[in-house]
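> Handing you a structure now.
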Amino acid sequence: MRSMTTRVRRTDPDFSPIRFEEGVLHLLDQRRLPTEERWLALDTVDQVARAITDLVVRGAPAIGITAAFGAAIAARQRGDDISAWRLDLERLDRSRPTAVNLAWATARMRRKAETTGRLDVGALEAEARAIHAEDVSANRAMAEAGSALLDAGSGILTHCNTGALATGGIGTALGVIVAGYQAGRVDRIFADETRPWLQGSRLTAWELARQGIPFKVVVEGAAAALMSSGQVQWVVTGADRIAANGDVANKIGTCSLAVIARHFNVRFMVVAPSSTVDPYMATGEGIAIEQRDPSEIWHAAGLDQPPGGFDAWNPVFDVTPAGLIDCIVTEHGVHRPPYDFSN
Ligand code: MRU
């Protein structure tokens with residue numbers, strides 16, 4: 001694995017943290033942002049699976065796209081050993097459990113291999129590129145549909161990072177917010193810092209700053225104060241998996257925001273491509289919630305090693321009940337309750 005430090009151009013509209021060139025996957029290492037823009041070059045499926053687990057790349061659509069390129073890389077490595085390739089795809093599937101986009105993308109790559117009946121590297125690379133390109137168009141369609149729901153003068157609170165870093169294109173929730181800002185409908189943007197990994201204060205802040213869009217980072221505990229102050233009219237988030245009944249798994253803290261929003265009469269919008277919908281998951285209860293190492297919590301507190309006797313619980317997603325969600329925007333349009341994503 002090679003690494004290289006570069007500077008991403010400030011307003012490049014086609015910026016993507018995922019590039020695939022001549023059989024090599026280049027990922028912008030999101031663990032180092034915003035202080036360093038370092039790219040890693042990966043050419044084995046093992047490196048790709050580890051990059052997903054270790055959060056080099058994160059965000060539901062982005063890890064789906066990455067896994068698809070990982071499957072193409074595995075095909076190059078395996079030659080015509082399709083059984084070994086299938087095991088590689090299982091390894092990719094295990095790299096993170098909650099976002100369904102990952103399993104959705106590897107299922108598509110498996111279907112592609114079945115239609116050609118062999119490991120056709122060219123066809124598999126083309127399929128991975130198609131998955132990436134489809135996410136770019138889905139992002140645009142969602143930005144248009146979601147931003148149209150915002151009234152002039154709106155204030156928005158968002159959670160985690162849902163922009164270009166988390167997707168193939170301009171983003172899901174952040175795409176809606178930026179489109180609303182560019183259309184003159186959004187006056188105030190608040191980004192939750194998003195503990196413990198700080199996707200908001202590191203990544204969303206980096207994305208908005210490089211586009212020259214004003215925003216304020218808030219600590220998670222400020223959500224109720226912010227919503228009671230009247231400064232926000234919408235909470236807009238992404239999703240990692242949407243169950244058939246509209247329950248939404250997303251970054252830990254999302255459900256708290258939805259509860260607070262309902263109390264203060266702030267509307268709640270979820271923005272996600274159809275690759276995030278899991279029609280086979282009847283309700284959110286069945287969604288596997290990833291638990292990560294407690295060290296993430298100590299590191300966020302500035303401690304390398306916690307003093308003896310410290311312990312932590314670190315689930316990194318939660319499930320927001322469908323009843324707290326005013327609308328779910330996909331590339332197919334605006335869905336309203338009662339939700340039915342069963343087909
Ligand atoms: O742990 P992460 O950073 O992968 O979690 C990401 C999120 O929860 C995002 O909100 C979600 O993937 C939607 S991104 C378009």
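The values are calculated or read from the model by the stated rules, or taken from the named source; none is laboratory data. Not measured: the values here are computed from a predicted model. Positions of Cβ are backbone-derived with ideal geometry, glycine not excepted, and every protein chain shown enters the neighbour counts. When the accessible area is computed, the model is the full protein with side chains, heavy atoms only, and any ligands, DNA or RNA have been set aside. Shrake-Rupley method; radii C 1.70, N 1.55, O 1.52, S 1.80 Å.
> Relative to the longest principal axis of the C-alpha atoms of the chain, give the angle of the C-alpha long axis of helix 100-116, reported between 0 and 90° and rounded to the nearest 10°.
Here the helix axis deviates by roughly 30 degrees.
> What residues qualify as long-range amide H neighbours of residue 327, i.e. H under 5 Å apart, gap of 5 or more or another chain, H built at 1.01 Å from N?
Hits under the 5 Å cutoff: 268, 270.
> Remind me, what semi-axes does the chain give for its equivalent ellipsoid, largest first in whole Å, using sqrt of 5 times each Cα gyration tensor eigenvalue?
31, 22, 20
> Separate question: Using label points projected 7 Å from each Cα along Cα→Cβ, tell me how many nm separate residue 3 and residue 31, to one decimal.
0.7 nm
> Which order do peptides 303-312, 202-211 fall in by mean Cβ count within 10 Å, highest first?
202-211, 303-312
> Give, rounded to the nearest 20 debye, the magnitude of the charge dipole that the chain has about its Cα centre when Lys and Arg contribute +1 at Cβ and Asp and Glu contribute -1 at Cβ.
480 debye
> Label-point separation (nm) for residue 300 and residue 130, each offset 7 Å from Cα along Cα-to-Cβ?
So the label points at residue 300 and residue 130 sit 3.9 nm apart.
> Keeping every protein chain in place, order 335, 263 by accessible area at 1.4 Å, biggest value first, i.e. largest first.
263, 335
> Sticking with this structure for a sec: Considering the dipole of region 34-145 built from charges on the beta carbon (Lys and Arg +1, Asp and Glu -1) around the Cα centre, which of 82, 124, 57 is farthest to its positive end?
Checking the options against the dipole of region 34-145, the answer is 82.
> Would you kindly derive the ³J(HN,Hα) couplings of region 131-147 from the backbone phi angles with the Karplus curve 6.51 cos²θ - 1.76 cosθ + 1.60 (θ = phi - 60°), listing them in order in whole Hz, with x for Gly and Pro?
Once rounded to whole Hz, the list reads 4, 5, 5, 5, 5, 4, 5, 4, 4, 5, 5, 5, 4, 5, 5, x, 5.
> Once ligands and nucleic acids are excluded and a 1.4 Å probe is used, how much of residue 213 is accessible, expressed in Å² to the nearest 10?
Its accessible surface works out to 10 Å², give or take rounding.
> Next question. Using the Cβ atoms and a cut-off under 11 Å, what net charge is assigned to the surroundings of residue 326, where Lys and Arg are +1 and Asp and Glu are -1?
Around residue 326, the surrounding residues sum to +3.
> Can I ask one more? Suppose the Debye formula is applied to equal point scatterers at every Cα of region 129-229; what is log10 I(q)/I(0) at q = 0.14, 0.15, 0.19, 0.24 Å⁻¹?
Each listed q maps to, in turn, -0.51, -0.58, -0.90, -1.28.
> Search the structure for amide H atoms under 5 Å from the amide H of residue 218, placed 1.01 Å from N in the peptide plane, and list their residues when 5 or more places away or on another chain.
Counting only residues 5 or more places away or on other chains, the set is 191, 192, 193.
> Whole Å is fine, so just give me how far the alpha carbon centre of region 237-304 lies from that of region 157-189.
Result: 17 Å between the Cα centres.
> Given only helices, namely DSSP H runs of n ≥ 4 each adding -39500 (n - 2.57), what is the per-residue ellipticity at 222 nm of the chain, to the nearest 500 deg cm²/dmol?
Theoretical 222 nm ellipticity from helices: -11000 deg cm²/dmol.
> Let me ask something additional. Contact order normalised by length for region 66-143, with contacts defined as Cα pairs under 8 Å and 6 or more residues apart; what percent is it?
39 percent
> Right, next: Kindly write out, for region 247-263 in residue order, the coupling ³J(HN,Hα) from the Karplus curve 6.51 cos²θ - 1.76 cosθ + 1.60 (θ = phi - 60°), rounded to whole Hz, with x marking Gly and Pro.
3J(HN,Hα) across region 247-263, in whole Hz: 5, 10, 8, 8, 3, 3, x, 5, 5, 4, 4, 5, 5, 5, 4, 4, 4.
> Cα convex hull of region 2-138: mean projected area in nm², to one decimal?
If you wrap the Cα atoms of region 2-138 in a convex hull and average its projections, you get 8.0 nm².
> Starting from the 7 Å offset along Cα-to-Cβ, what nm value, one decimal, do you get for the label separation of residue 183 and residue 24?
Spacing of the two 7 Å Cα→Cβ label points: 4.2 nm.
> Another question, then. Hey, got the dipole for region 2-138? About the Cα centre, +1 on K and R Cβ, -1 on D and E Cβ, debye to the nearest 20?
320 debye
> Calculate one ³J(HN,Hα) per residue across region 190-196 by plugging θ = phi - 60° into the Karplus curve 6.51 cos²θ - 1.76 cosθ + 1.60, and present them in order as whole Hz with x for glycine and proline.
Here the 3J(HN,Hα) series is 10, 10, 5, 5, 6, 6, x Hz.
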